[in-house]
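So the structure is just underneath, and the comments pick up after that.
The values are calculated or read from the model by the stated rules, or taken from the named source; none is laboratory data. For clarity, every value in this text was computed on a predicted model and none was experimentally measured. When we count neighbours, we look across all protein chains shown, and the Cβ atoms used for this are built from the backbone with ideal geometry, even at glycine. All accessible areas refer to the heavy atoms of the entire protein, side chains included, with ligands and DNA or RNA removed. Shrake-Rupley method; radii C 1.70, N 1.55, O 1.52, S 1.80 Å.
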Amino acid sequence: MIRFENVTFRYADSSNPALRDVDLSIDEGELCLVTGRTGVGKSTLLGAINGLVPRFTGGHLSGRVDVAGQDTADRPPQEFARLVGVVGQDPLAGFVTDTVEEELAYGMEQIGLDSTVMRKRVEETLDLLGIAELRRRALRTLSGGQQQRVAIGAVLTSHPKVLVLDEPTSALDPTAAEDVLAAIIRLVHDLGTTVVIAEHRVERVLQYADRLLHLRGDGTVRDGDPATLMIDSDVAPPVIRLGRLAGWDPLPLSVRDARRKAGPLRDRLVDRVPPPTPAATGAVRLSAEHLTVTYGRTIAVRDVAVKLRAGEVTALMGRNGSGKSSLLWALQGAGPRHRGTVDVTGVDPGEVGSRTARSLVGLVPQNASDLLYLDTVAAECRQSDTESGAMAGTCRRLLDTLAPGIPDDRHPRDLSEGQRLALVLAVQLASAPQVVLLDEPTRGLDYHAKRRFTEVVRRLAEEDRSVLIATHDVEFVAGAVDRVLVMAEGEFVADGPTADIVVASPAFAPQVAKVLAPQSWLTPEQVEAALEAAS
Ligand SMILES: Nc1ncnc2c1ncn2[C@@H]1O[C@H](COP(=O)(O)OP(=O)(O)OP(=O)(O)O)[C@@H](O)[C@H]1O
Ligand SMILES: Nc1ncnc2c1ncn2[C@@H]1O[C@H](COP(=O)(O)OP(=O)(O)OP(=O)(O)O)[C@@H](O)[C@H]1O
């Protein structure tokens, strides 16, 4: 269905090719998972499938890419729309209409489907993705995860033969991610759709993949059976790392397979306990009472009270649309607030100018790239150091910790998604105020980048700041935070130490906890330390 013949692609002004000598052939009905570190070229590979690369990106492509026997160089990408459905990393940027229903119908209108077929498929898709109640909503008022579901729905309706999905679950809560993947798998089984998915949260997709394409980082691609490539892949989810520690062969790809093998490992760990989370004793840095946020008749945040302490890292979790972003913006002061007060060292950030508010509470938003406006990476870093009064080079060093090797003179627009996010985090965190709020900060970050980001967050806590992170990334939460707050329909429904909240939760438990239950280990690192101590 998809063939790459000796494909090499280089972006203009780039010294190294993003793709090098790539030869592959993907059959009809295969589900391929594309993995690789941040910025290795996953989106570029995906873009080449429908000709967006090089037609819209510029740069030079040699070799040949064809889909269903048609050379992508011969036709503009629009003509491939019937054949190839694409969901990019930024759903909002891909929307062409204003409302959910219009967006779901648009693709089908373009290929001239009959109106009765269109009606039926819109209804099916609304149900399939659990977005029926959003049908008449304006797209720009949806939460991040709601937008991502609509973007996926909008390509599913026209039943393309090939689906290309770039990080399709990055903004989805764990349950929604499973539902969306189940809907995609159904297309693979029922219609023989060929699916190519790039995903950093490999744990979410690996068990469904027929095949793995791993980008090594030099533009070349390793292509093979998932369990075999995972033996030494530099991108490995927790279940694989646990399998390597325990010496399981073949490596289990799913929690279910791992549980079947886990008895002896549980026995080895039985006399050990995971390190407890120290109780937070720092001063209260932020205290909010009776916070309520409404949009028209929608109550997004309902009479919420919260205290954040110095030295504490807290995760804010909960279903898509449960009110997390609305709460963060209300705490920072820039977002709407219907009722309630926020107190940061005696000042309410909602009552002062935006500059003062920013010096009290920093917020890195979900669509973080809006914060970048200069022409080069170096200029953004210099500006950040100057504004925050930090020593020259502070921001750049932070960037190199998160995503090494980005050239100084690259335009932020030309960075990969993960690289751009790393830049925004570096720009914002170089001048971190006492309270730092982060909205989905691990999108686009590979496992190594996430470990480094965890270190950065822990350092902020050691410097006595308080950090609140809205996130759906259960594996990140397991390794990085002290406390978890869970929101549902605008209210807190749980609040406590990480292990207490996540271990028994079907939605929020990390893979290691699921495999080793009833023991309460959260991460491969904890298990590794315990095994070392035991031997
Ligand atoms: N228009 C461009 N000009 C120059 N370099 C670019 C351009 N677009 C992307 N790049 C570079 O090409 C490399 C591959 O980018 P790509 O977006 O394919 O990575 P990725 O693996 O999808 O990353 P992520 O995991 O962050 O999504 C990156 O190093 C990026 O900086
Ligand atoms: N401008 C707006 N107008 C109307 N409704 C809105 C607006 N902004 C947000 N909402 C609604 O308020 C609710 C809370 O949205 P919010 O973005 O805070 O959720 P969230 O928990 O951050 O979601 P996600 O996990 O998907 O990012 C959602 O139902 C959303 O559709």
Ignoring ligands, DNA and RNA, please state the percent of accessible area on region 284-502 from carbon and sulfur, probe 1.4 Å.
47
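Hey, what's the chain come to in accessible area per residue, 1.4 Å probe, Å²? Show your work: numbers first, answer last.
Values: 22800 Å² over 535 residues.
Result: 43 Å² of accessible area for each residue.
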Which order do the peptides 145-156, 129-140 come out in when sorted by mean C-beta neighbours inside 10 angstrom, highest first?
145-156, 129-140
Over the chain, cysteine residues that find no other Cys C-beta under 4.7 Å are 32
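Restricting to Cα pairs below 8 Å that are 6+ residues apart, what does the relative contact order work out to for the chain? Please round to a whole percent.
Values: 1065 pairs, mean separation 82.8, N = 535.
The value is 15 percent.
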Please give the peptides 322-331, 494-503 ranked by average Cβ packing (other Cβ atoms within 10 Å per residue), highest first, as a rough proxy for protection.
322-331, 494-503
Helical mean residue ellipticity (222 nm; -39500 (n - 2.57) per DSSP H run of 4+; nearest 500) of the chain
-10500 deg cm²/dmol
Quick one: how many lysine pairs does the chain have with C-alpha atoms less than 27 Å apart and a gap of 8 or more or different chains? Give me the count, please.
9
What's the center-to-center distance, using Cα atoms, between region 460-535 and region 277-325 in Å?
17
Out of 187, 323, 8, whose Cα points farthest toward the positive end of the dipole of the chain (charges: +1 Lys, Arg; -1 Asp, Glu; placed on Cβ)?
323
What percentage of all Cα-Cα pairs in region 2-234 are separated by more than 25 Å?
39
For residue 208, the accessible surface traced by a 1.4 Å probe with all protein chains present amounts, in square angstrom to the nearest 10, to 80
Accessible area of residue 191, 1.4 Å probe, to the nearest 10 Å²?
90
Would you calculate the convex hull of the Cα atoms in the chain and tell me its volume per residue in Å³?
147
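Can you order the peptides 177-190, 359-372, 508-521 by their average number of other Cβ atoms within 10 Å per residue, highest first?
Values: 177-190: 16.8, 359-372: 19.4, 508-521: 21.5.
Most protected by this proxy first, the peptides run 508-521, 359-372, 177-190.
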For region 198-263 and region 76-112, what is the centre-to-centre distance using only Cα atoms, to the nearest Å?
32
